[in-house]
Amino acid sequence: MDGDLDLRKIRYFLAVADEGNFTRAAASLHIAQPVLSRQIQTLERELGGPLFIRRPRSLELTPAGRELLKDGRKLLADAADLAANVRGLATGRSVFTVGHHRAISVRAAVRAFQAEHPTLTVRTVALDADTQAAALLVGDADVAVVLPPLATEGLITQILKMEPTLIRVSSEHDLAQHAEVTLTDLAPYENVRFETAGENGRPVRNVEERIELLASSTGVYMTPALCADRYRHPDVASIPVSDAPPTPILLAWASSRDSQMTRDFVAIATASTS
């Protein structure tokens with residue numbers, strides 16, 4: 001290898017790392033799984049070693065994979081910003097970036113916004129739950145559609161819509177066959193935490209790992225309905241909580257970039273969900 005990194009392969013790697021599964025990653029990238037597997041294998045050869053430990057039902061990052069995950073996302077963002085800035089100077093088109101939680105689709109709002117601003121280049125970026133606020137504050141996104149919890153210092157937020165709250169439990173759980181539960185029903189059960197996994201207490205890195213942990217847990221996990229719809233598992237049941245408050249889906253943007261363009265997107269996104 002001559003030292004150059006293929007940004008497309010980095011994007012493919014990040015999709016697999018985020019999803020924890022080649023099949024789901026290929027679907028999110030709109031490519032065939034064998035193509036994705038070959039691209040990752042090529043990247044591993046170019047970098048001189050494996051990036052994933054491949055297990056029957058999950059993937060684990062190697063030390064090299066963890067290093068690439070740490071810096072790869074910033075590399076792609078920097079490359080995208082550079083291309084957008086140069087393109088804007090060359091064509092006179094400005095760039096507007098819409099972030100979104102990985103379980104939330106913003107396609108309809110982006111299409112409507114683009115139609116209202118045809119000279120604007122609009123791009124989207126998927127955000128991890130623990131980096132939503134930081135992405136807005138550092139300018140990786142001009143506005144984002146996100147889920148709580150969200151550190152709101154330096155941000156302006158507006159409720160886009162309210163989403164029903166569910167619990168997710170193992171299919172072997174005592175509550176799994178209930179059509180509906182109440183908060184009182186949940187009192188005896190521990191809430192599942194996903195900070196670490198396994199005997200070595202390593203961090204849980206993606207939704208795929210969380211769902212696998214939940215499938216073998218005796219606890220309950222509360223989540224908005226859209227997340228349960230997006231991330232299904234044959235060994236995990238989703239049950240409405242009749243008296244739980246709904247979860248707000250939030251529009252958020254940095255107060256330092258409270259522009260008319262951002263307000264236009266907020267208005268269009270709000271109208272598209274009404």
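The values are calculated or read from the model by the stated rules, or taken from the named source; none is laboratory data. It should be emphasised that the depicted structure is a prediction, and the values quoted were computed from it without experimental measurement. Using ideal geometry, Cβ is built from the backbone for each residue, glycine included, and neighbour counts are taken over all protein chains shown.
When the residues of segment 17-68 are filtered to those that are under 14 Å from LEU5 (Cβ atoms) and under 20 Å from the mean Cα position of the chain (by Cα), which remaining residue is surrounded by the most Cβ atoms within 10 Å (Cβ to Cβ)? Before the answer, list the steps.
Of the residues in segment 17-68, the ones under 14 Å from LEU5 (Cβ atoms) are 39-40, 42-48, 51, 64, 67-68.
Subset that is under 20 Å from the mean Cα position of the chain (by Cα): 67-68.
On the way: GLU67: 13, LEU68: 21.
Looking at residues that are under 14 Å from LEU5 (Cβ atoms) and under 20 Å from the mean Cα position of the chain (by Cα), I get LEU68.
Determine if segment 192-201 includes at least one residue that is modelled with pLDDT of 90 or more and surrounded by 13 or more Cβ atoms within 10 Å (Cβ to Cβ). If you could, list the steps in order and put the result at the bottom.
Going residue by residue through segment 192-201, those that are modelled with pLDDT of 90 or more are none.
So far as segment 192-201 goes, no, none of its residues is modelled with pLDDT of 90 or more and surrounded by 13 or more Cβ atoms within 10 Å (Cβ to Cβ).
Could you list all residues from segment 240-262 that are of a type in the set (D, E, K, R) and at pLDDT 95 or above?
Within segment 240-262, the first condition is being of a type in the set (D, E, K, R), and the residues that meet it are 243, 257-258.
Correct list: ASP243 only.
Just checking, which of THR97, THR165, THR152 is surrounded by fewer than 16 Cβ atoms within 10 Å (Cβ to Cβ) and at negative phi?
Working: THR97 fails: surrounded by fewer than 16 Cβ atoms within 10 Å (Cβ to Cβ); THR165 fails: surrounded by fewer than 16 Cβ atoms within 10 Å (Cβ to Cβ).
Exactly one residue qualifies, and that residue is THR152.
Look at GLU163 and say whether it is more than 24 Å from PHE22 (Cβ to Cβ), modelled with pLDDT of 95 or more and not aliphatic (A, V, I, L, M). First the steps, then the outcome.
On the way: more than 24 Å from PHE22 (Cβ to Cβ): yes; modelled with pLDDT of 95 or more: yes; not aliphatic (A, V, I, L, M): yes.
Considered against the rule, which asks whether it is more than 24 Å from PHE22 (Cβ to Cβ), modelled with pLDDT of 95 or more and not aliphatic (A, V, I, L, M), GLU163 comes out as yes.
If only one of ALA108, ALA79, ALA90, ALA103 is under 25 Å from ALA25 (Cβ atoms) and modelled with pLDDT under 85, which one is it?
Testing whether each residue is under 25 Å from ALA25 (Cβ atoms) and modelled with pLDDT under 85 leaves just ALA79.
Considering only residues that are in a strand (DSSP E or B) and closer than 14 Å to ARG257 by Cα, which ones fall in segment 102-160? Working first, answer last.
At the first step, the residues of segment 102-160 found to be in a strand (DSSP E or B) are 121-127, 143-146, 155-160.
Those that are in a strand (DSSP E or B) and closer than 14 Å to ARG257 by Cα: VAL143, ALA144, LEU155, ILE156, THR157.
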